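Okay, structure first, notes after.
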Amino acid sequence: MRRRIIAFTLLLGALLLGACQRPAPDVQEQQFIAFGTLVDVTLHGVDDTQAQQAFTMLERDLNQWHRDWHAWQPGLLTELNHALATNGEADVPATLRPLIEGTQRLSMQSGGLFNPAIGGLLALWGFQNDELPQQPPAASAIATWLKNPPRMTDLHLTGNRLATRHRGVQLDFGACAKGYAAQRAIERLHELGIANAIVAVAGDIHVAGTHGDRPWRVGIRHPREAGILGAVELQDGESISTSGDYQRYFTYQGKRFHHILDPRTGYPATGAISVTVIARDGLSADAAATALFVADAQDWPRVARAMGVDQVMRVDNDGVVTMTPALAKRVRIEGTPTVRIQALP
Ligand code: AMP
Ligand code: MG
């Protein structure tokens, strides 16, 4: 039962069970809001003073990163986007550089399915807003955007200088910032000498060490029901990320329009309702979960291979769960969904 509680707590926040559960004395847990969501930090084997120091540091750091990487609230990224749109070039602040370099590589590997240059399209849809849109944009506006879609390959980084000839490039790191932040948070904990921790930024989680004498365990949220679809143990240094059509969406004329857009069509990706990836780094796990959500049912194994990930779970529109062999051997599925195994090419 305790396992299940931890899984739920990590994915759904304190809301469910925190109050009635007495935590183990060697475990310290804190939740706070950052990246517009609930962040859950759990530490193992540290004393109260060190834990409080760590929680304070992480709450400050994650909120700073959120401000610096934000795609629409004024900050370093909106300044960079403004400079690219008006001058076609900009100096890159140090905090954005790893995101730009890492996502250029991952975007290319994904064949542009993961494309953080599509901020303009996301804005057109109204997703670059704290409030969700009420209706889709005009088809003609999407068609216009599709005539000359910006890509990460339109950006050229030389030293600290970023340049583009495509004035439509608008960076939005919404698809990878949380996974990257979870990993960076663990790196910050290492700097404090903390070796056993788990940081969950909603569905993007990174772990260090163990939960005492057992590995850290997390649940994978069920995309349509309250509760989890499966549970998995994570090893030191692993990241897990889930993308879903349930995270940000609006309904218009009975149809769901969610926030993961297919850059080939300009519309929300169809085919999957949830994709989970485990990888060694948070940026790759998060970017790949988004890319494989966009990829076609027949093509995602090839894209996974190209992005260097081999642990994938994809839930299609009918609720069928497909897993790669590497993930299947470690996930414990809950309930009785139809499960298929898909080897990578
Ligand atoms: P995630 O939940 O990690 O899949 O990220 C979803 C977020 O990524 C959206 O809210 C957008 O900010 C952004 N996004 C949507 N579609 C794409 C795409 N095809 N490539 C890159 N970023 C995207
Ligand atoms: Mg993602």
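Within region 153-167, is there a residue that is out of contact with any Lys or Arg (no Cβ under 7 Å at 6 or more places or on another chain) and within 16 Å of ligand 2 (Cβ to nearest atom)?
Within region 153-167, none of the residues are out of contact with any Lys or Arg (no Cβ under 7 Å at 6 or more places or on another chain) and within 16 Å of ligand 2 (Cβ to nearest atom).
For the condition out of contact with any Phe, Trp or Tyr (no Cβ under 6 Å at 6 or more places or on another chain) and touching a residue at least 60 places away in the same chain (Cβ under 8 Å), what is the one hit in Thr270, Thr265? Talk me through it step by step, then tell me what you get.
Numbers: Thr270 fails: touching a residue at least 60 places away in the same chain (Cβ under 8 Å).
The conditions single out Thr265.
Would you check if Gln135 is surrounded by fewer than 19 Cβ atoms within 10 Å (Cβ to Cβ) and touching a residue at least 40 places away in the same chain (Cβ under 8 Å)?
Working: surrounded by fewer than 19 Cβ atoms within 10 Å (Cβ to Cβ): yes; touching a residue at least 40 places away in the same chain (Cβ under 8 Å): yes.
Criteria met by Gln135.
Please determine whether any residue of region 189-206 is more than 30 Å from Gln50 (Cβ to Cβ), in contact with a strand residue (DSSP E or B) (Cβ under 6 Å, 6 or more places away or on another chain), at pLDDT 95 or above and in a strand (DSSP E or B).
Residues of region 189-206 more than 30 Å from Gln50 (Cβ to Cβ): none.
For region 189-206, residues more than 30 Å from Gln50 (Cβ to Cβ), in contact with a strand residue (DSSP E or B) (Cβ under 6 Å, 6 or more places away or on another chain), at pLDDT 95 or above and in a strand (DSSP E or B): absent.
Going residue by residue through region 49-64, is there one that turns out to be part of a loop (DSSP other than H, G, I, E, B) and either at pLDDT below 95 or within 18 Å of His206 (Cβ to Cβ) (or both)?
The initial filter retains those residues of region 49-64 that are part of a loop (DSSP other than H, G, I, E, B), namely none.
Looking for residues that are part of a loop (DSSP other than H, G, I, E, B) and either at pLDDT below 95 or within 18 Å of His206 (Cβ to Cβ) (or both), one finds none in region 49-64, hence no.
When residues of region 24-48 are filtered for being in a loop (DSSP other than H, G, I, E, B) and either touching a His at 6+ places or on another chain (Cβ under 7 Å) or over 28 Å from Leu99 (Cα atoms) (or both), how many remain? Spell out the reasoning first.
Going through region 24-48, the residues in a loop (DSSP other than H, G, I, E, B) turn out to be 24-26, 35-36, 45-47.
Still in the list and also either touching a His at 6+ places or on another chain (Cβ under 7 Å) or over 28 Å from Leu99 (Cα atoms) (or both): 24-26, 35, 45-47.
The qualifying residues number 7.
If Ala175 meets every condition in (1) in contact with a strand residue (DSSP E or B) (Cβ under 7 Å, 6 or more places away or on another chain); (2) assigned to a loop (DSSP other than H, G, I, E, B); (3) of a type in the set (A, V, I, L, M); (4) within 16 Å of ligand 2 (Cβ to nearest atom) apart from one, which number is that one?
The one condition Ala175 does not meet is (1).
The values are calculated or read from the model by the stated rules, or taken from the named source; none is laboratory data. What you are looking at is a predicted structure, and each value in this text was computed from that prediction instead of being measured. Quick reminder, even Gly has a Cβ in these numbers, built from the backbone with ideal geometry, and neighbours come from all protein chains shown.
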